[in-house]
Amino acid sequence: MPLKIIVGIKWVPNTTSVNIDPKTGTLIREGIPSVVNPHDLTAVEMALKLKDRYGGTVTAISMAPPSALAGLEHVIGMGVDRGILASDRAFAGADTLATSYVLSKVIEKIGEYDLIIMGHETIDSSTAHIGAQVASWLRLPYVYYAVDIEYNEQDRSIIVRRMLENAYETYKVYLPAVVSIAMHTYEPRRVKVSNKLRAKTEDVIQVWTSKDLDIDINCAGLRGSPTVVSAIDFVPKVPRKNLVFKERDPKKAAKWLIDQLIQEGLLEL
Amino acid sequence: MKHIEKRFDAIVVGAGPAGATAAYQLAKMGYKTLLLERGRTPGSKSMFGGRVYIRPLKDIYEDFEKKAPIHRWVKKERISLVYDESATTIEYTSNKTTSFTTYLTQLSHWMANQAVEQGAILLTEIRVDRLYKEDGRYRGVVVEDEVVKSDVVIDAEGINRLLLEREGIVEKLSPDHVALGVKEVIKLEPDTINNLFGLDNNEGLSWILMGDVTDGIPGGAFIYTNRDSVSLGIVVLLGEAARRIDRHIYILVEELRNHPLLYKYFKDGRIMEYSTHLIPEDPSRLMPKKLYYDGLMIVGDAAGLLLNQGYTYRGVDFAAYSGYIAAKAYEKAHGNGGASEENLKIYQKMLEESFVMKMLRKFSSVSRLMKKERLFSTYPQLINLLASKLMHIEYDSYKLKEAFDEARKGRVGLIHIIKDLWEVSRKL
């Protein structure tokens, strides 16, 4: 039986160009273009590799404001079959618990699935909570830091290789299951013009609101979010001396550097 | 090679001002239009100094001045000749205005959105690898291993014409036919900008500087005020820059920002953006022999359609207008039975009759002025020396003639000055 895969993506401000407001401690998102969380693209790539190898379908899901449609279009461009965006004012202000709750409700509504794949973590908050929490909402087994998945059709299981600091662990997991892919494991493929056309011209993306989902509204959005960020402390700036050697001779430069280090008491000869 | 089933009337390659406008006009006339952009967003590969002349755009887009992302209306124009740490400046202020400042990414984005609203399909992050030919006619584009077909292709790929080079329609760019623009965008509060440059809200400044601002390389510098930032940069002939600079090109802009005359404006700003881009400099060398082929039209920078008027560039309005004319020409060709070479000839004809080609012909010798060193070194020096003689009074005062003679002594002969003045007044 071919694999029915669901992959979670997050629409995040491109943190390479985000600054923090020193007064309020919040991200300045104004004017910052959003992107699909890069680690989620690794997850999408894993899902597509599995689809290439074993056949089946890949559905991308996301909880976000409507602007995230562009993100779903992007992954459909890569080869994902369809996208579902959970989007509702009631979902706004969610922490990871409330987000994973809504996502698990989306997955429940999709109903038929074998494998849920998530990214390692997001670049804008780096909690790495969502995979584990979705697994617990849905009472599914969960493997984290995965670098490879093989599918065994006979007994409907997967063999997952998981990367640790000095070793790999291999698990056999019966489906359905949730797997998070270790960051940078795969280079996401480029979009295809035919797939992008499909995203634009065919009805492959659905938007679901709280009304479409069997949801306890008190568990979603700000109301369903017990996490409170009470304060952000900045790492104090250490004043540093700044000297520049302006000549071009490398021998002189080396000598100069060593002399400076000795003067500062950082080096003894 | 996989052929995609969906077929378009027109495929436009590149969603800068020329391509987005062509797509907008085509979709508006009811043609099935596909607009392909290599960057993440329309215009993300485009760059300009900072100012757009509005009149031609009003012909194309309804209520342009109300709906487009306009930052400030240029009501203050400055031209400065710089020598050492002094500058002699002409300033023109008027409530009448024909140009505005903006970010080109925002404007291109807006234009592409207009196209989408009219029914065009916009796909970003799609890099066209080559034009697709069937029986010797252009009939679509190739993207990796896929072919998208159309009745006509509009090439709006910009100055770096990889597709046209591949087709043998144009030759590789020569460093002597293009200029290099290098630019920084500095974030400043709108009130700060207003105070620094003496502007009201929504009022903008265009400031061109010549002389000691480009490290002696023929070219100039520019400053434009946006809503809450200032664009500053330099334009130098690429060939000259390559021959004379052995440092990274960004240093030229850094030196400009830290120039004793300019430092005070930018010291509290934060650099938001750094970019460089090629600028068509010599249309006579850059323009393809013709701008239409069987199933193909070439617009914007790819066609070399940018006007260097010496003290200002016109790129965006020229590009957009050429896209607009190409769309109109396709409508005529379509009515005559299709986008054959014969039928698309009308594009060139309409372009020749429009201000676009008329102005390019009229200012065709400006690029030769750009190579006249005296204009960029001797005269800024002369004028500032003259001004200093007249203005820096201690015991003795100078009469104008006296000051002038002393300033030019040993630098340039009267005959040369008269000849140069004549040449400049004819070519500009």
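For a quick check: with amide H placed at 1.01 Å from N, whose amide H comes under 5 Å from B:D294's, ignoring anything fewer than 5 positions away on the same chain?
Here B:Y138, B:E341 satisfy the definition.
May I ask you to derive the relative contact order of chain A, considering only C-alpha pairs under 8 Å and at least 6 residues apart, and to give it as an integer percent?
Worked out over chain A, it gives 23 percent.
With +1 assigned to the C-beta of every Lys and Arg and -1 to the C-beta of every Asp and Glu, and no other charges, what is the dipole magnitude of region A:3-219 about the Cα centre in debye, to the nearest 20? Display every interim value, and only then the final one.
Values: 23 positive and 26 negative charges, 75 e Å.
It works out to roughly 360 debye.
Choose one of A:N242, B:H3, B:S354: the residue whose Cα lies farthest towards the positive end of the charge dipole of the protein assembly as shown (beta-carbon charges +1 Lys, Arg; -1 Asp, Glu; about the Cα centre).
Towards the positive end, the residue furthest out is B:S354.
Among residues other than A:D214 whose Cβ falls under 12 Å from its Cβ, what is the net charge (Lys/Arg +1, Asp/Glu -1)?
0
What residue among B:S365, B:S322, B:S397 has the largest mean-square fluctuation in a Gaussian network model of chain B, using Cα springs under 10 Å?
B:S397
Based on the Cβ-Cβ distance from B:I271 to A:S125, what FRET efficiency comes out when R0 is 35 Å, to the nearest 0.05?
Calculated value: 0.80.
Taking the alpha-carbon distance from B:K358 and a cut-off under 16 Å, which aspartates and glutamates remain once sequence neighbours fewer than 8 residues away in the same chain are dropped?
B:D282, B:D317
Short version: ³J(HN,Hα) in whole Hz for each residue of region A:150-164, in order, from phi by Karplus 6.51 cos²θ - 1.76 cosθ + 1.60 (θ = phi - 60°), x for Gly and Pro, what are they?
Values per residue, Gly and Pro as x: 10, 10, 10, 5, 4, 9, 6, 10, 10, 9, 10, 9, 10, 9, 10 Hz.
Can you pick out the pairs among B:K290/B:K332; A:K241/B:K183; B:K183/B:K267; B:K371/B:K427; B:K2/B:K172; B:K58/B:K183 whose Cα atoms lie more than 20 Å from each other?
With Cα atoms farther than 20 Å apart: A:K241/B:K183; B:K2/B:K172; B:K58/B:K183.
Can you list the HN-Hα couplings for region A:174-184, worked out from phi with the Karplus curve (6.51, -1.76, 1.60; θ = phi - 60°), rounded to whole Hz and with x for Gly and Pro?
Along region A:174-184, the couplings run 7, 7, x, 8, 10, 10, 9, 9, 4, 4, 6 Hz.
Direction-averaged shadow area of the convex hull around the Cα atoms of chain B, nm²?
22.3 nm²
Given bins 10 angstrom wide, list per bin the percent of all Cα-Cα distances in the protein assembly as shown, short to long.
P(r) for the protein assembly as shown, in whole percents per bin: 3, 12, 19, 20, 19, 15, 8, 3, 1, 0, 0.
So which aspartates and glutamates can A:K255 reach, going by Cα to Cα under 18 Å and dropping same-chain residues fewer than 8 places off?
Reachable aspartates and glutamates: A:E247, A:E264, A:E268.
Would you list A:W11, A:W208 from the most to the least accessible area, probe 1.4 Å?
Result of the area sort, largest leading: A:W11, A:W208.
Which is farthest toward the positive dipole end of chain B among B:L122, B:G168, B:V185, measuring Cα position about the Cα centre, with Cβ charges +1 (Lys, Arg) and -1 (Asp, Glu)?
B:G168
Let me check I've understood the local charge: for B:V152, count other residues with C-beta under 14 angstrom from its C-beta, Lys and Arg +1, Asp and Glu -1. What total comes out?
+1
With label points built 7 Å along Cα→Cβ from the Cα atoms of A:L269 and A:D155, find their separation and express it in nm.
Using points 7 Å along Cα→Cβ, the separation is 6.8 nm.
What angle, in degrees between 0 and 90 and rounded to the nearest 10, separates the Cα long axis of helix A:69-78 from the longest principal axis of the Cα atoms of chain A?
90 degrees
In nanometres, what is the gap between the two model label sites at B:E373 and B:E144, each 7 Å from Cα along Cα-to-Cβ?
5.2 nm
Within region B:35-80, which GluC sites (Glu not before Pro) sit in a loop by DSSP and count at most 13 neighbouring Cβ atoms inside 10 Å?
Sparse-neighbourhood loop GluC sites (Glu not before Pro): B:E62.
Each residue of region A:84-93 in turn: what ³J(HN,Hα) in whole Hz from Karplus with 6.51, -1.76, 1.60 and θ = phi - 60°, glycine and Pro shown as x?
10, 10, 8, 9, 6, 4, 5, 8, 6, x
Go through region B:348-428 and name the trypsin sites (Lys or Arg not before Pro) that are in a DSSP coil and have 10 or fewer other Cβ atoms within 10 Å of their Cβ.
Counting only loop positions with at most 10 other Cβ atoms within 10 Å, the trypsin sites (Lys or Arg not before Pro) in region B:348-428 are B:K399, B:K409.
In region A:93-128, which residues have a backbone nitrogen under 20 Å from the label point lying 7 Å from A:R139's Cα in the Cα-to-Cβ direction?
Within reach of a label on A:R139, which here means backbone N under 20 Å from a point 7 Å along Cα→Cβ, region A:93-128 contributes A:100-116.
Tell me which residues come under 5 Å, amide H to amide H, from A:Q206 once H is placed; ignore anything under 5 positions away on its chain.
Residues meeting the amide H criterion: A:G83, A:I84, A:L85.
Can you give the charge dipole size of the protein assembly as shown about its Cα centre, rounded to the nearest 20 debye, using +1 on the beta carbon of Lys and Arg and -1 on the beta carbon of Asp and Glu?
With only Lys, Arg, Asp and Glu charged at Cβ, the dipole is about 1580 debye.
Which residues' amide hydrogens lie under 5 Å from the amide hydrogen of A:S180, considering only partners 5 or more residues apart or on another chain, with H built in the peptide plane?
A:M118, A:V143, A:Y144, A:Y145, A:A146
Which aspartates and glutamates, on any chain, are close to B:K133 with Cα under 16 Å apart, when same-chain ones fewer than 8 places away are left out?
Of all the aspartates and glutamates, those that pass the test against B:K133 - Cα under 16 Å, at least 8 places apart if same chain - are B:D9, B:E144, B:D145, B:E146, B:D151, B:D155, B:E165, B:E167, B:D294, B:E341.
Give a quick list of GluC sites (Glu not before Pro) in region B:236-294 that DSSP marks as loop, anything other than H, G, I, E or B, with at most 10 other Cβ atoms within 10 Å.
none
The values are calculated or read from the model by the stated rules, or taken from the named source; none is laboratory data. Owing to the predicted nature of the structure, the values given are computational and were not obtained by experimental measurement. Note that we place each Cβ from the backbone using ideal geometry, even for glycine, and neighbour counts take in every protein chain shown. Remember, those area values only see protein heavy atoms, side chains included, never the ligands or the DNA or RNA. Shrake-Rupley method; radii C 1.70, N 1.55, O 1.52, S 1.80 Å.
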